[in-house]
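The values are calculated or read from the model by the stated rules, or taken from the named source; none is laboratory data. All values reported here derive from a predicted model rather than from experimental measurement. Cβ placement follows ideal geometry from the backbone for every residue including glycine, while neighbour counts extend to all protein chains displayed. For the accessible areas, the whole protein counts, side chains as well, though only heavy atoms, and no ligand, DNA or RNA atoms are used. Shrake-Rupley method; radii C 1.70, N 1.55, O 1.52, S 1.80 Å.
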Amino acid sequence: MNNLWLLVIGMALVTYIPRMIPMVFLKDIKLTPRLKRFLEFIPYTVLACLIFPGILTSVGSMFSAIIGGAAAVLLALRGCNLVLIVLGAILSVYVAEQVLRIIA
Amino acid sequence: MTTPSIEHQLAKPSHFQLGLKAGIPVAIGYMPIAMTFGLLAKTSDIPISVAIMMSLLVYAGASQFIGINLMAAGVANWEIIITTFILNLRHFFMTASLSQRIPARVSKKWSALLSFGVTDETFSVASTQGSRELHPSFVLGLNAIAFAAWNIGSWIGIFLSSGLPESVQSSMGIALYAMFIGLIIPSLKKSRPVIWICLLAIGIHSVFYWIIPKYINMSAGWSIIITTILASAIGALLFPNGGDTNE
């Protein structure tokens, strides 16, 4: 029991400290333009990693995952609101899954 | 903190409110995952209080799931902690990037508080905001709604024995991915270098996903970190000028 609490605190610390250090200390340090540019690209490379290939295994089947992903891309290209993109993708996956169930 | 004048507040929503609003898609995406976490925690032998504290203090999706699994499998504590560390080390680079957009006047205490709420998802929303500077209250609002959704979802999973219906649950697995797509597309439309580095990142990450595991065992944490660093560094070398973002 006691052991589990220590474990949770340990997990909390190793999660929090790497999140906290750059936020608190990097703000005041003057970075070179190259390094700044590197940090500017981080959001996009992180997003790319988070999306692919994880999306393929995010729902019941790869087919419906691709349908959902395609729906999100289409809605995003049309400049839709983020909530609408999320709901649209969920709905498309739901429909795709039901279609798969009927076919199978 | 400077508070805006009263007429200013009446004219438009506060930064905090805007942050809450920007976090709605994150909250929608977190709910089913957190509920699953709660359910899983309950069905394993882990005390409920430990699961609740995990969502409150650790607040990191994947490592909580892995933590519960490893605990149930009787893996040594230090091994679980190291796994968690590696898995979440990627946030180091995210807050490094974010730190450059928080105004210098924001105190260290504030920054320390804001950094607690930085996850893949809140980082993605915050860092794709159009404005160069991020108002700390905006980030706080965004982090607050995501944190609330994660914890409320965990409780629902723990205390209500059933989650969402299986078909709905399964469909909602796409939610956060759809959000990521929604966040990245506008940037892809605006900037050619961003298109290139994203394709590069997808390429490298695919190698880590499909090819590297055939030869060596590498955790998801490392593959995200290495891909992010490589693709961003190559991007900084190939496209050193930041002109494309100031259009």
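Positive contributions from Lys and Arg (+1) and negative ones from Asp and Glu (-1), summed over other residues with Cβ under 13 Å from the Cβ of B:VAL26, come out at -1.
Kirkwood hydrodynamic radius, the protein assembly as shown, all distinct C-alpha pairs: what's the number in Å? Working shown, then result.
Details: mean 1/r = 0.0479 Å⁻¹.
Answer for the protein assembly as shown: a Kirkwood hydrodynamic radius of 20.9 Å.
Of the whole protein surface, B:GLU79 contributes about 90 Å² of accessible area at a 1.4 Å probe radius.
Taken along its principal axes, the alpha carbon cloud of segment A:8-47 reaches lengths of 39, 26, 9 Å, longest axis first.
Can you work out D for chain B in µm² s⁻¹ from Stokes-Einstein, where Rh is the Kirkwood radius over C-alpha pairs, the temperature is 25 °C and the viscosity is 0.890 mPa s? Each step should come with its number before you reach the end.
Working: Rh = 19.8 Å.
Translational diffusion coefficient: 124 µm²/s.
At an R0 of 30 angstrom, the distance between the Cβ atoms of B:TRP78 and A:LYS30 translates into a FRET efficiency of 0.20.
Here segment A:27-104 and segment B:170-205 have alpha carbon centers that stand 6 Å from each other. Using C-alpha pairs under 8 Å with a sequence gap of at least 6, the mean separation divided by the residue count of chain B gives a relative contact order of 32 percent. For the protein assembly as shown, the solvent-accessible area works out to 47 Å² per residue, with a probe of 1.4 Å and every protein chain left in place.
B:PHE159 contributes about 130 Å² of solvent-accessible surface, heavy atoms of the protein only, 1.4 Å probe. Three principal axis extents of segment B:40-100 based on alpha-carbon atoms, in descending order, are 43, 21, 14 Å.
Derived from the Cα gyration tensor, the three semi-axes of the equivalent ellipsoid of segment A:17-104 are 38, 14, 11 Å, largest first. The figure for B:PHE138 is an accessible area of roughly 20 square angstrom, using a 1.4 Å probe on the protein chains alone. 3J(HN,Hα) along segment B:171-178: 5, 6, x, 7, 3, 5, 5, 4 Hz, from the Karplus curve 6.51 cos²θ - 1.76 cosθ + 1.60 with θ = phi - 60°, whole Hz, x for Gly and Pro. What base-10 log of the normalised intensity I(q)/I(0) is obtained for segment B:146-193 from the Debye formula, alpha carbons as equal point scatterers, at q = 0.14, 0.24, 0.31 Å⁻¹? Log10 I(q)/I(0), no solvent term: -0.54, -0.95, -1.08.
Using helices alone, what [θ] at 222 nm do you get for chain A, with -39,500 (n - 2.57) per DSSP H run of 4 or more residues, divided over all residues and rounded to the nearest 500? Display every interim value, and only then the final one.
Details: 4 runs with 81 residues, N = 104.
Estimated from H runs of four or more residues: -27000 deg cm²/dmol.
Too long at a 31 Å Cα-Cα cut-off: which of A:LYS27/B:LYS214; B:LYS109/B:LYS189; A:LYS30/B:LYS109; B:LYS42/B:LYS214; A:LYS30/B:LYS214?
Values: A:LYS27/B:LYS214 41 Å; B:LYS109/B:LYS189 37 Å; A:LYS30/B:LYS109 20 Å; B:LYS42/B:LYS214 35 Å; A:LYS30/B:LYS214 42 Å.
Where the Cα-Cα span goes over 31 Å, the pairs concerned are A:LYS27/B:LYS214; B:LYS109/B:LYS189; B:LYS42/B:LYS214; A:LYS30/B:LYS214.
Apolar share of the accessible surface for chain B: 68 percent from carbon plus sulfur atoms, 1.4 Å probe.
Taking the inverse of the average 1/r across all pairs of different Cα atoms in segment B:4-116, what Kirkwood radius in Å do you get? Mind showing how you got there, number by number?
Numbers: mean 1/r = 0.0592 Å⁻¹.
It is 16.9 Å.
Leaving ligands and nucleic acids out of the surface, order A:MET20, B:MET179 by accessible area at 1.4 Å, largest first.
Values: A:MET20 40, B:MET179 0 Å².
Ranking A:MET20, B:MET179 by accessible area, largest first, yields A:MET20, B:MET179.
For the chain pair B and A, the interface hides roughly 7300 square angstrom of accessible area in total, found with a 1.4 Å probe. With all projection directions averaged, the alpha carbon convex hull of segment B:175-247 covers 5.7 nm². Across segment B:70-76, computed HN-Hα scalar couplings (Karplus, 6.51 cos²θ - 1.76 cosθ + 1.60, θ = phi - 60°) run 5, 4, 4, 7, x, 6, 4 Hz from first to last residue, x flagging Gly and Pro.
In the calculated pair distance distribution of segment B:70-183, what percentage of Cα-Cα distances lie above 20 Å? I get 57 percent for the Cα pairs in segment B:70-183 exceeding 20 Å.
Near B:PHE93, once Lys and Arg are set to +1 and Asp and Glu to -1 for all other residues with Cβ below 13 Å from its Cβ, the sum equals 0.
Going Cα to Cα from B:LYS12, which lysines come in below 26 Å? Please leave out same-chain ones fewer than 8 positions away. Output for B:LYS12: B:LYS21. Estimated from helical segments only, the mean residue ellipticity of chain B at 222 nm is -21500 deg cm²/dmol, where each DSSP H run of four or more residues counts as -39500 (n - 2.57).
Other residues within the sphere of radius under 12 Å centred on the Cβ of B:THR36, judged by their own Cβ, net out at 0 (K and R +1, D and E -1).
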